[in-house]
Amino acid sequence: MPKRFTWILELAFLAGLSALTLAFVWGHQAGDSPTTDETYHLFAGNEYVADGTYWLNPEHPPLLKLFAGYAVSKAGSVPPSLGGENTVSPQGHYLRWLYGNRLPAHELVALGRTPFPWLAVLLVVLVYGAARRLFGLAAAPLAAVLVALDPTLVAHAAYIHTDAGAALTMTATVVAGLLAARARKLLPWLITGACLGLALATKFTGILLIPVVLGFPFLEALTATEKPPRKALFENVLYAILAVTVGVLLLALTYTVCLRDMPRERAETSIREFLARRGASPELLATSAALCRFSPPLGHYAGGLLGVQLLSSNGRGAANYLHGRVSERGFPLYFPVAIAVKWTPALLLCVALALLLSGRRLFSYETLALALPALLHLAVAIPSSFNIGVRHVLPMVPLLALAAAGLLVKRLPARPFLLLTAFLSVSAAFSLWRVHPYEIAYFNVLAGGRGNGAAWLSDSNLDWGQDLARLDAFLKARGIEEQTTIVTYSGLASDYYSRRARVLAPGAPILPGLYAVSASVETLGVPFARMIEGEEAARQTEELLRRIRSGGKKRAAIGASFTLWELP
């Protein structure tokens, strides 16, 4: 087949696959109401863009929030400062900014979401190109399909959050570093540094890539057929150090943009206040303040990272749920179980077959360079107290899809590999099609399917507040809005859409009638209410759940996360 014709077929395949991913992302994005974290991420991003200060949300790096903030700023939104000077945190303006802006709250979020589906497209293109470069043309479609049709990626590529962006930037850094270590030239290492800087500015787990990048020269030397001269290894290590330096400089530049109108003393104050709320010791506060005085961008990054670590080590409150149990500290088996019940059968089977058939190729440079960063990500996630979603290990999906496709294409004859690619592609497409438009609530056959998700996991695996608009449409279509009490946690007020419905206020009696109860309330329930709203709300939630379980009649399931109960 002529080379030109091959390229045309490849471009057509990649365009079609990218369009399919976009169609699924846009399809559920249009129906999903703002999720729990989105409005606050947007509020913070709008501050960075419009006000040039960084009081809000230091527990996440700013890059993707900048995209969202720019989208709403361009549309003429009122900034968090409300037109004044941010001499103190604009946190007190949050409700006025969200509900009293020039655009309704749901339209603000819809604008902020617009850049995010394209991150999934970029990831699909990256995975295809990386697989083609590393393992040949045959491996590229399989790796790309496993990523493009992954329900978790499709779900979270719709939202103003860091997870899809982290999968993109972390995969780009690993692939670039892998190739740079083999090329042993300056330009590939500079590209790696740029990718690293984007990863660091996207999510704090990007910091795991610093030892990965620094380790690539040694991994390449250890696995090379012909050992490189000591001088070549030394030069490669220097290039890797340069790449990390470039990454840190790009990170600092990103924070500098956000802090451009924030005097040094206010930047220090914001980090002090943030860390004090997280229970930092006086010594940690003093060290963070000193770093912030030396370099506000790096001090802000380090303070945010430290705040996340403090929250994880001190416990997040009763917000972790696994298979009927609630924990403050988290579960060591949370992420292995989440992977087992949330990844598609196609991806699980592909990885399992690759391990079974790999032989010595499992220890090849390309396989180790892709798999070890994925395993490092999992190893760091397992002891964490942040057991709130399989999305936290989303960067593992493209890395393992690449590694598994590469192993299988080397171990299987052409025809069996082609048949396997076709089978896994159809399986992945079926998994995504079957759950659409409720991708966030996808559970595989090992979990018993989507309807059995609450038996295993909660939070962003199932219920992130995404079904409020669907609930509103259901209640209005049946004329029962005024008869229904909504019990949920979401990114918007519970009655934002259903203005005539009741909301269960803390202390209110549990009366007979209809109750629309979200999955998070039914799973996390009492301890979560206690953590968020206090003891009175916890007692009220306990009474509601007791009556639902003892005599409630299930009238309907709405979306993926609401159940309509009738209490006698």
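The values are calculated or read from the model by the stated rules, or taken from the named source; none is laboratory data. Worth saying up front: this structure is predicted, and the values here are computed from it rather than measured. No Cβ is skipped: glycine too gets one built from the backbone with ideal geometry, and neighbour counts run over all protein chains shown.
In the range 305-339, the residue that is surrounded by the fewest Cβ atoms within 10 Å (Cβ to Cβ) out of those that are part of a loop (DSSP other than H, G, I, E, B) and of a type in the set (D, E, K, R) is Glu328.
Residue by residue, here is whether (1) over 26 Å from Ala469 (Cα atoms); (2) assigned to a strand (DSSP E or B); (3) free of Cβ contacts under 8 Å to residues at least 60 places away in the same chain holds:
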position: Ile510; (1), (2), (3): no, no, yes
position: Leu514; (1), (2), (3): no, yes, yes
position: Val517; (1), (2), (3): no, yes, yes
position: Glu522; (1), (2), (3): no, no, no
position: Glu536; (1), (2), (3): yes, no, yes
position: Thr541; (1), (2), (3): no, no, yes
position: Ile548; (1), (2), (3): no, no, yes
position: Thr563; (1), (2), (3): no, yes, yes
position: Glu566; (1), (2), (3): no, yes, yes
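Among the numbered criteria (1) without any contact (Cβ under 8 Å) to a residue 40 or more places away in the chain; (2) assigned by TED's automatic domain parsing to the domain that holds Pro345; (3) within 29 Å of Leu564 (Cα to Cα), which single criterion is violated by Val426? Here Val426 meets the rest and fails (3). Residues in the range 67-123 that are assigned to a loop (DSSP other than H, G, I, E, B) and without any contact (Cβ under 8 Å) to a residue 24 or more places away in the chain were compared, and the one that is surrounded by the most Cβ atoms within 10 Å (Cβ to Cβ) is Leu82.
Checked against the criterion of being more than 23 Å from Ala477 (Cβ to Cβ), without any contact (Cβ under 8 Å) to a residue 60 or more places away in the chain and either acidic (Asp, Glu) or touching a helix residue (DSSP H, G or I) at 6+ places or on another chain (Cβ under 6 Å) (or both), the range 493-503 contains not a single residue that satisfies it.
For (1) modelled with pLDDT of 95 or more; (2) in contact with a Lys or Arg (Cβ under 7 Å, 6 or more places away or on another chain), each residue gets a yes or a no:
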site: Phe423; (1), (2): yes, no
site: Ala429; (1), (2): yes, no
site: Val435; (1), (2): yes, yes
site: Tyr438; (1), (2): yes, yes
site: Ala447; (1), (2): no, no
site: Gly451; (1), (2): no, no
site: Asp459; (1), (2): no, no
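When Lys342 is tested against (1) surrounded by 18 or more Cβ atoms within 10 Å (Cβ to Cβ); (2) over 18 Å from the mean Cα position of the chain (by Cα); (3) of a type outside the set (A, V, I, L, M), just one condition goes unmet, and that condition is (2). Does Ala401 satisfy the condition of being buried (at least 17 other Cβ atoms within 10 Å of the Cβ), within 16 Å of the chain's Cα centre (by Cα), closer than 30 Å to Val212 by Cα and at pLDDT 95 or above? No. Residues that are farther than 21 Å from Gly52 by Cβ and out of contact with any helix residue (DSSP H, G or I) (no Cβ under 7 Å at 6 or more places or on another chain) number at least 3 in the following helices (runs of 4 or more DSSP H) confined to the range 228-296: 230-258, 282-294. Checked against (1) surrounded by fewer than 18 Cβ atoms within 10 Å (Cβ to Cβ); (2) touching a residue at least 60 places away in the same chain (Cβ under 8 Å), Glu235 passes all but condition (2). Residue under question is Ala50, and the condition is that it be outside any loop (DSSP other than H, G, I, E, B), buried (at least 16 other Cβ atoms within 10 Å of the Cβ), under 23 Å from the mean Cα position of the chain (by Cα) and of a type in the set (A, V, I, L, M, F, W, C); does it hold? Against the criterion (outside any loop (DSSP other than H, G, I, E, B), buried (at least 16 other Cβ atoms within 10 Å of the Cβ), under 23 Å from the mean Cα position of the chain (by Cα) and of a type in the set (A, V, I, L, M, F, W, C)), Ala50 does not qualify. For the range 135-155, how many residues meet the condition of being surrounded by fewer than 24 Cβ atoms within 10 Å (Cβ to Cβ) and either assigned by TED's automatic domain parsing to the domain that holds Thr36 or farther than 12 Å from Leu14 by Cα (or both)? Within the range 135-155, residues that are surrounded by fewer than 24 Cβ atoms within 10 Å (Cβ to Cβ) and either assigned by TED's automatic domain parsing to the domain that holds Thr36 or farther than 12 Å from Leu14 by Cα (or both) number 4.
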